[in-house]
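Just so it is clear, none of the values below were taken in a lab; they were calculated from the coordinates. Everything quoted here is computed from the prediction, not taken from an experiment. As a convention, Cβ positions derive from the backbone with ideal geometry for all residues, glycine included, and neighbour counts pool all protein chains shown.
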Amino acid sequence: MTAIKEFDHSALSSNDLELTEDFYVNVMGQIIGEVSIGERSPGTTEDIIRRFKTLVDGRASRSTEVVYSGATPHFTIHLGQAVIPIRLHQMHVQEPPPEQLRGAPRRAFHVTPEQLERAIEILGKRRIAFEGPVEHPAPSVVARSLYFKDPASNFLELCVPRG
């Protein structure tokens, strides 16, 4: 039996792809330093819906519209070595209260002490609420963490490894 040696990717959902893309490119990109957009669904959300309608008579009709489930608008962000596909929510998802900055599921990214300090500065300037830095006592493999949410209320953690 082969052990898992590395984690491939983690997908997120969003209620606003443009706002989420801006956050990952312009906030997380400034913190991490390496960011790029990979795969992107073709066109706008409206284009995707129009393109993949399945209708009995093959023509658009508001009363018979059915959206092809594989047409979910999405993009993929590469944040350092992390690959994060981000898809538009398919249904309403209840967001946590604004004051809740820690929760699960949570995506955690290893950062340097300098990146953590830069995160505090950038999040503060952008008025993005965060908790921390939180010190973790040994034997935790993480020395310090910063907790916050992206615009879609996905929980994020930046953590400085111990040692």
Within the range 97-163, list the GluC sites (Glu not before Pro) lying in a DSSP loop whose Cβ has at most 10 other Cβ atoms in a 10 Å radius.
Glu99
For the range 80-163, listing trypsin sites (Lys or Arg not before Pro) in a DSSP loop whose Cβ sees at most 16 other Cβ atoms within 10 Å gives Arg102, Arg126, Arg127, Arg162
Show the residues, 5+ positions off or on another chain, whose built amide H is closer than 5 Å to the amide H of His110.
Cys159
Tensor-based shape of the range 103-163 (alpha-carbon gyration tensor, a/c under 1.5 rounded, otherwise prolate or oblate)
oblate
In nm, to one decimal, how far is the modelled label at Glu121 from the one at His9, with both set 7 Å along Cα→Cβ?
3.2 nm
Length gained, Val141-His110, 0.36 nm per residue minus C-alpha separation, equals 10.1 nm
Tell me, in nm to one decimal, what length is gained between Arg87 and Leu19 on full extension, where the rule is 0.36 nm per residue of separation less the Cα-Cα distance?
23.2 nm
Order of Ser14, Ser140 under a 10 Å beta carbon neighbour criterion, fewest first
Ser140, Ser14
